[in-house]
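A.B. asks: I am attaching a structure below and will ask some questions about it afterwards.
Bear in mind these aren't lab numbers, they're just calculated from the coordinates by the rules spelled out. Since we're looking at a predicted model, the values are computed, not measured. All Cβ positions, glycine included, derive from the backbone under ideal geometry; neighbour counts span all protein chains shown.
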Amino acid sequence: MAVGESIQEARTFVEESYTELQRVTWPDQDQLRNATLVVVVFTIAISLIIWLMDSVVRVIVEQIMGIFGA
């Protein structure tokens, strides 16, 4: 592949990317705020679930270790 072909392909890619970006329907501020809120709430919920599971497993492991005197 020649250098000229690579440059032309890169230019074509950039032009097509720019054209596609013009077609995108960008979210308005309310949609963006709502989506962000959903992500934050979901992240907190999953974090709490993982913390709860970790706490339960820790208690179970401590009980098992206590039985064997470790």
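A.B. asks: Taking the Cα centre of the chain as origin and charging only Cβ (+1 Lys, Arg; -1 Asp, Glu), how large is the dipole, in debye to the nearest 20?
C.D. replies: In debye, rounded to 20, the chain gives about 360.
A.B. asks: When the helices in the chain are scored as -39500 (n - 2.57) per DSSP H run of 4 or longer and the sum is shared across all residues, what 222 nm value do you end up with, to the nearest 500 deg cm²/dmol?
C.D. replies: Counting only the DSSP helices, I get -31000 deg cm²/dmol.
A.B. asks: For the chain, take the convex hull of the Cα atoms, compute a quarter of its surface area, and give me that in nm², please.
C.D. replies: 11.0
A.B. asks: Relative to the longest principal axis of the C-alpha atoms of the chain, give the angle of the C-alpha long axis of helix 3-23, reported between 0 and 90° and rounded to the nearest 10°.
C.D. replies: Helix 3-23 sits roughly 70 degrees off the main axis of the chain.
A.B. asks: Got a sec? Charge dipole of the chain, +1 on Cβ for Lys and Arg, -1 for Asp and Glu; which of Ala2, Phe42, Tyr18 is way out at the positive end?
C.D. replies: Highest projection toward the positive end goes to Phe42.
A.B. asks: Quick one: Karplus J couplings for the range 34-47, per residue in order, coefficients 6.51, -1.76, 1.60, θ = phi - 60°, nearest Hz, x for Gly and Pro?
C.D. replies: Residue by residue, the range 34-47 yields 5, 5, 5, 4, 4, 5, 5, 5, 4, 4, 5, 4, 5, 4 Hz.
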